[in-house]
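Colleague: My structure is below; once you've seen it, I'll send some questions.
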Amino acid sequence: MPATAAATTAEQPWPVRLLSAKIGDYVARMSTVWVEGQLVQVTRRPGQATAFCVLRDADVDMSLSVTTSVRVLDALGPALVEGARVVVRATPEFWARRGSLQMRADAIRPVGAGELLARVEELKRVLAAEGLFAAERKKPLPFLPRVVGLVCGRASAAEHDVLVTARGRWPGVRFEVREVVVQGVDAVAQVSRALAELDGMDEVDVVVVARGGGSLEDLLPFSNEALVRAVAACRTPVVSAIGHEVDSPLLDLVADVRASTPTDAGRRVVPAVAEELAGVAGARDRLRRALDARLSAEASQVRALRARPVLADPG
């Protein structure tokens, strides 16, 4: 039997039990660790003291299985909600029989709003230093887009506000709408996918990302580093319309235009047809008056020339 993994060959392999045992020995030597993520898929079984859950990374699609005692979960109280940001003290465990790794947690603490704000500010500083918020990166909005892309919640007030306002200003405007989850653990992934899809459509000239107001935790996906970088990478101009005027997620800073509300976004992406028609009418009136004045001046000059004595009596 080969002594090391590097010494194994097709003719002299390790049996599964040996590899599993060695992985288990390695994992057993790992230290207890504090790890941060979002708590999802919490499962309790009646009469059992152990609960099962998943700790998901807030920025990328990665997760770890976690077991803990019901007592530890109960200690979280109201903080135990789907997608809650937590820090967990856990020890890695490898289950050789089914070849799976999981974490055994003996302490779970919620991440407070103050800590979340501090992390957003630190990320803001880092991204600003990279130039992601620089004014020279901003792309201008088209005067009249062929198609407006809209990323929003399903049957949301934000969707209604953008569509109604834009169509009220320019009835012929066309939209490509992508309804996605706009809060919780799946928001970043779904918004990013919808954004990439719309950015890849040649006929889409501008993309609006819209959602209504909410708590700090509700709006956190729009300060997520992965989403901010996805917006920065877009070739299509992006309008951020997140929350109310007082809300300021990092998406507002990286977007090409920041709208104070979804309704404001509807006003910004298309011109008002009544205003444009009034502008055309005004321009035509000014042209007509200018032409009339020019013709009148020329006619007066002709009359003056004809009234001269040399023209009245050429001899």
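Colleague: Which ranges mark the strands (runs of 3 or more DSSP E) fully within segment 20-114 that have 3 or more residues being open to solvent by 50 Å² or more (accessible area, probe 1.4 Å)? Even if it seems obvious, please write down each step before you answer.
Modeller: Working: elements: 33-44, 50-56, 63-69, 84-95, 100-110.
The strands (runs of 3 or more DSSP E) meeting that bar are 33-44, 63-69, 84-95, 100-110.
Colleague: Right, next: Which pairs do you get when a residue that is without any contact (Cβ under 8 Å) to a residue 40 or more places away in the chain, found in segment 178-193, comes within reach of a residue that is assigned to a loop (DSSP other than H, G, I, E, B), reach meaning Cβ atoms under 6 angstrom, with the pair 6+ apart or on two chains?
Modeller: Every condition considered, the pairs that remain are GLU179/ARG154; ALA187/VAL181; GLN190/VAL181.
Colleague: Further question on the same structure: Determine whether ASP264 is out of contact with any helix residue (DSSP H, G or I) (no Cβ under 7 Å at 6 or more places or on another chain), of a type in the set (D, E, K, R) and under 16 Å from ARG169 (Cβ atoms).
Modeller: Criteria met by ASP264.
Colleague: Ok, one more. Output the residues belonging to segment 11-45 that are without any contact (Cβ under 8 Å) to a residue 24 or more places away in the chain and closer than 30 Å to ASP186 by Cβ.
Modeller: The answer is GLN41, THR43, ARG45.
Colleague: Continuing with this model, one more query. Within segment 205-215, identify whether any single residue is part of a strand (DSSP E or B), in contact (Cβ under 8 Å) with a residue 24 or more places away in the chain and open to solvent by 10 Å² or more (accessible area, probe 1.4 Å), and answer yes or no.
Modeller: At the first step, the residues of segment 205-215 found to be part of a strand (DSSP E or B) are 205-211.
Subset that is in contact (Cβ under 8 Å) with a residue 24 or more places away in the chain: 205-211.
Checking the rest, the ones that are also open to solvent by 10 Å² or more (accessible area, probe 1.4 Å) come to 205, 211.
Yes, segment 205-215 contains at least one residue that is part of a strand (DSSP E or B), in contact (Cβ under 8 Å) with a residue 24 or more places away in the chain and open to solvent by 10 Å² or more (accessible area, probe 1.4 Å).
Colleague: Could you list, in sequence order, the residues of segment 216-269 that are among the aliphatic types (A, V, I, L, M), assigned to a helix (DSSP H, G or I) and open to solvent by less than 10 Å² (accessible area, probe 1.4 Å)?
Modeller: So in segment 216-269, the residues among the aliphatic types (A, V, I, L, M) come out as 216, 219-220, 226-228, 230-233, 238-239, 241-242, 246, 250-251, 253-255, 257, 259, 265, 269.
Narrowing further to those that are assigned to a helix (DSSP H, G or I): 216, 219-220, 226-228, 230-232, 250-251, 253-254, 265, 269.
Scanning segment 216-269 gives LEU227, VAL228, VAL231, LEU250, LEU251, VAL254, ALA265, VAL269.
So that you can scan it fast, the table gives a plain yes or no per residue for (1) of a type outside the set (Lys, Arg); (2) within 30 Å of PRO142 (Cβ to Cβ); (3) free of Cβ contacts under 8 Å to residues at least 12 places away in the same chain:
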position	(1), (2), (3)
VAL254	yes, yes, no
ARG294	no, no, yes
ALA299	yes, no, yes
ARG306	no, no, yes
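Colleague: Just a yes or no: is a residue in segment 258-274 farther than 30 Å from ARG137 by Cα and either out of contact with any Phe, Trp or Tyr (no Cβ under 6 Å at 6 or more places or on another chain) or of a type outside the set (Gly, Ala, Ser) (or both)?
Modeller: Of segment 258-274, the ones farther than 30 Å from ARG137 by Cα are 274.
Right, trim to either out of contact with any Phe, Trp or Tyr (no Cβ under 6 Å at 6 or more places or on another chain) or of a type outside the set (Gly, Ala, Ser) (or both) and you get 274.
Within segment 258-274, one or more residues are farther than 30 Å from ARG137 by Cα and either out of contact with any Phe, Trp or Tyr (no Cβ under 6 Å at 6 or more places or on another chain) or of a type outside the set (Gly, Ala, Ser) (or both).
Colleague: Just need a number here: residues in segment 133-157 that are surrounded by 15 or more Cβ atoms within 10 Å (Cβ to Cβ) and more than 30 Å from ARG174 (Cβ to Cβ).
Modeller: 1
Colleague: Now, a different point. Being over 14 Å from the mean Cα position of the chain (by Cα), closer than 30 Å to LEU144 by Cβ and not aliphatic (A, V, I, L, M) narrows it down to one of ARG258, ARG284, ARG294, so name that one. Walk me through it before giving the result.
Modeller: Working: ARG258 fails: over 14 Å from the mean Cα position of the chain (by Cα); ARG294 fails: closer than 30 Å to LEU144 by Cβ.
Within the list ARG258, ARG284, ARG294, the selection yields ARG284.
Colleague: Kindly evaluate SER223 against the criterion of being closer than 29 Å to GLU115 by Cβ, modelled with pLDDT under 95 and touching a Lys or Arg at 6+ places or on another chain (Cβ under 9 Å).
Modeller: Numbers: closer than 29 Å to GLU115 by Cβ: yes; modelled with pLDDT under 95: yes; touching a Lys or Arg at 6+ places or on another chain (Cβ under 9 Å): yes.
Yes, satisfied.
Colleague: Another one. Return the pairs, sorted by first residue and then second, in which the second residue is crowded, with 20+ Cβ neighbours inside 10 Å and among the hydroxyl-bearing types (Ser, Thr, Tyr), the first residue lies in segment 256-272 and is within 19 Å of CYS234 (Cβ to Cβ), the beta carbons are less than 7 Å apart, and the residues are 6+ apart or on different chains.
Modeller: Cβ pairs passing all conditions: ARG258/SER240; ALA259/SER240.
Colleague: Being of a type in the set (Ser, Thr, Tyr) and in contact (Cβ under 8 Å) with a residue 12 or more places away in the chain narrows it down to one of THR4, THR8, THR50, so name that one.
Modeller: Numbers: THR4 fails: in contact (Cβ under 8 Å) with a residue 12 or more places away in the chain; THR8 fails: in contact (Cβ under 8 Å) with a residue 12 or more places away in the chain.
Only one candidate passes the filter, namely THR50.
Colleague: Taking segment 168-196, which residues are more than 19 Å from PRO262 (Cβ to Cβ) and surrounded by 15 or more Cβ atoms within 10 Å (Cβ to Cβ)?
Modeller: GLY184, VAL185, ASP186, VAL188, ALA189, SER192
Colleague: Sticking with this one: Checking PRO2 against (1) surrounded by 11 or more Cβ atoms within 10 Å (Cβ to Cβ); (2) in the same structural domain as ARG104 (by the TED database); (3) not small (Gly, Ala, Ser): exactly one of these is not met. Which one?
Modeller: (2)
Colleague: Please specify each residue of segment 270-301 satisfying the condition of being part of a helix (DSSP H, G or I), aliphatic (A, V, I, L, M) and either open to solvent by less than 80 Å² (accessible area, probe 1.4 Å) or touching an Asp or Glu at 6+ places or on another chain (Cβ under 7 Å) (or both). Break it down into steps so the answer makes sense when it comes.
Modeller: Restricting attention to segment 270-301, the residues satisfying the condition of being part of a helix (DSSP H, G or I) are 273-301.
Imposing the further condition that a residue be aliphatic (A, V, I, L, M) reduces the set to 273-274, 277-278, 280-281, 283, 287, 290-291, 293, 295, 297, 299.
Within segment 270-301, VAL273, ALA274, ALA278, ALA281, ALA283, ALA290, ALA293, ALA297, ALA299 meet the criteria.
The values are calculated or read from the model by the stated rules, or taken from the named source; none is laboratory data. Given the structure is predicted, the values throughout are model-derived calculations rather than measurements. Don't worry about glycine lacking a Cβ; one is built from the backbone with ideal geometry, like all the others, and counts go over all protein chains shown. When the accessible area is computed, the model is the full protein with side chains, heavy atoms only, and any ligands, DNA or RNA have been set aside. Shrake-Rupley method; radii C 1.70, N 1.55, O 1.52, S 1.80 Å.
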